[in-house]
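The values are calculated or read from the model by the stated rules, or taken from the named source; none is laboratory data. Since this is a predicted model, take the numbers as computed values, not measurements. Here Cβ is always computed from backbone atoms with ideal geometry, including for glycine, and neighbour counts include all displayed protein chains. Ligands, DNA and RNA are stripped out before the accessible areas are found, and what is left, the full protein with its side chains, is counted by its heavy atoms. Shrake-Rupley method; radii C 1.70, N 1.55, O 1.52, S 1.80 Å.
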Amino acid sequence: MALRVQKFGGTSVADLERISTVADRVQKAHENGDRMVVVLSAMAGVTNNLINLARQASENPDERELDVLLATGEQTTAALMAMMLKSRGLKAKSFLGFQAGIQTNHMSGKARIREIDSQNLRGALDEGNIVVVAGFQGADDHGDITTLGRGGSDTSAVAIAASLKADVCEIFTDVDGVYTTDPRICPQARKINRISYDEMLEMAILGAKVLQIRSVEFAKKYNVPVHVRSSFNEEEGTMVVNESADMESPVVSGITCDMNEARITFKRVPDQPGISAKVFGALAEAGISVDMIIQNSRNGGETDTGGETDLTFTVTKDDFNRAMKISEKLANQINAGEIRTATDIAKISVIGLGMKSHSGVAAVMFKALAEENINIRMISTSEIRISCVILAKYAELAVRSLHAAFGLDKEQ
């Protein structure tokens, strides 16, 4: 008897017919002897509709009340699922986030899970219930409802699986696994059977939307096996697991493309200690995450102070306007020459565990882009990833070229 945590996204529970199909799958696993915890998102489109209602009610909706409103989407789906299961003669019980013991910090709209007191869930399971949990939500230590941000139901599911020490956390979605790249961009993309937490984390950070970043972090921290699979068929998907000696380690496992990047450059910044701290400290205080950073000396030589530099960094397009307002104020304070920006950019990344022990990956990447006459604007690297910023209009061409250059269109 296995303990399974199954999470179903919005498209999987888009209407009563889809919810009934999910109930079929849950019932089948339960009747096979598995103990079941089902974590649900809101129906597709519901969260956006609730946000629109909030904006009609108030020009600047109160964050606490917005969380209360948005949490009703998942509450609806969980209750409907429990009703359907009970109507089939099965024992089932629904839980809201706070009833499931999900305790978070105070960050409205993007709360982080601090801990889970799974006593209620364990009790319901011991009584023979199929446990249904509203994803995406919890409560802070004041008892206020909080939401976890977009994709938060993934995080709810993995965190619950970790707390219950589940045998597997199955993430059911509208794709049938993790692919070497986006199949919509590159038809030759292949499904990956097994991928490490580290590779999946890089992919999630760099634009792959299969799993939410924090859910992968949870899975890695607590060693939760995650199975990404389709809710529309019975096929095996992709297992996200710890790196192991018997795991295939191709040099490059996947290519990602992130179109949600914008670039800001401070020109002719005084080359003095503390300048970067002022810039990135102000952005951090505003809750703006900076991705890539490049600083170029204008001196032509190396001196500790006295010259000028150009300081370039990227942020998400969602944060771009706020980042620009802060940057314009800072430009006067630090005596920068001017600020230049670009929003028509994309970040293309190659990712793979095998990069740890293989040289020449950067050379292959740069050659492939050069052969397509694609100019590289920025470069950053990690142990298992190389990222390049290019013009957005070349993004799809770059993905297809790199996918072929690293042989990802062939069976490994």
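Give the residue that is surrounded by the fewest Cβ atoms within 10 Å (Cβ to Cβ), with candidates limited to residues of region 307-331 that are of a type in the set (Val, Ile, Thr) and over 11 Å from Ile264 (Cβ atoms). Quick ask: steps written out before the conclusion?
Restricting attention to region 307-331, the residues satisfying the condition of being of a type in the set (Val, Ile, Thr) are 309, 312, 314-316, 326.
Right, trim to over 11 Å from Ile264 (Cβ atoms) and you get 309, 316.
On the way: Thr309: 21, Thr316: 15.
Filtering region 307-331 for residues that are of a type in the set (Val, Ile, Thr) and over 11 Å from Ile264 (Cβ atoms), the one surrounded by the fewest Cβ atoms within 10 Å (Cβ to Cβ) comes out as Thr316.
I'd like to verify a number: residues in region 118-150 that are assigned to a loop (DSSP other than H, G, I, E, B) and either free of Cβ contacts under 8 Å to residues at least 24 places away in the same chain or of a type in the set (Gly, Ala, Ser) (or both), how many? Quick ask: steps written out before the conclusion?
Pass one, region 118-150, residues assigned to a loop (DSSP other than H, G, I, E, B): 118, 127-129, 135-136, 140-144, 148-150.
If we keep only those that are either free of Cβ contacts under 8 Å to residues at least 24 places away in the same chain or of a type in the set (Gly, Ala, Ser) (or both) as well, we get 118, 128, 135, 143, 149.
So the count comes out to 5.
Hey, among the residues in region 80-91 that are in contact (Cβ under 8 Å) with a residue 40 or more places away in the chain and over 17 Å from Ala157 (Cβ atoms), which one's surrounded by the fewest Cβ atoms within 10 Å (Cβ to Cβ)?
Arg88
Please indicate, with yes or no, whether at least one residue in region 106-113 is small (Gly, Ala, Ser), open to solvent by less than 30 Å² (accessible area, probe 1.4 Å), outside any helix (DSSP H, G or I) and more than 20 Å from Leu125 (Cβ to Cβ).
Checked region 106-113: at least one residue is small (Gly, Ala, Ser), open to solvent by less than 30 Å² (accessible area, probe 1.4 Å), outside any helix (DSSP H, G or I) and more than 20 Å from Leu125 (Cβ to Cβ).
Looking at (1) modelled with pLDDT of 90 or more; (2) in a loop (DSSP other than H, G, I, E, B), which one does Ser244 not meet, given that it meets all the others?
If we test Ser244 against (1) modelled with pLDDT of 90 or more; (2) in a loop (DSSP other than H, G, I, E, B), just (1) comes out false.
Run down Ala166, Ala219, Ala161 and say which single residue is within 16 Å of the chain's Cα centre (by Cα) and either surrounded by 16 or more Cβ atoms within 10 Å (Cβ to Cβ) or in a loop (DSSP other than H, G, I, E, B) (or both). Spell out the reasoning first.
On the way: Ala166 fails: within 16 Å of the chain's Cα centre (by Cα); Ala161 fails: within 16 Å of the chain's Cα centre (by Cα).
Exactly one residue qualifies, and that residue is Ala219.
Filter region 169-182 for residues that are in a loop (DSSP other than H, G, I, E, B) and either in contact with a helix residue (DSSP H, G or I) (Cβ under 8 Å, 6 or more places away or on another chain) or on the phi < 0 side of the Ramachandran plot (or both) and give the result.
Asp174, Val175, Asp176, Thr180, Thr181, Asp182
Filter region 335-361 down to the residues that are charged (D, E, K, R) and surrounded by fewer than 13 Cβ atoms within 10 Å (Cβ to Cβ), then identify the one that is farthest from Thr314 (Cα to Cα).
This residue is Lys356.
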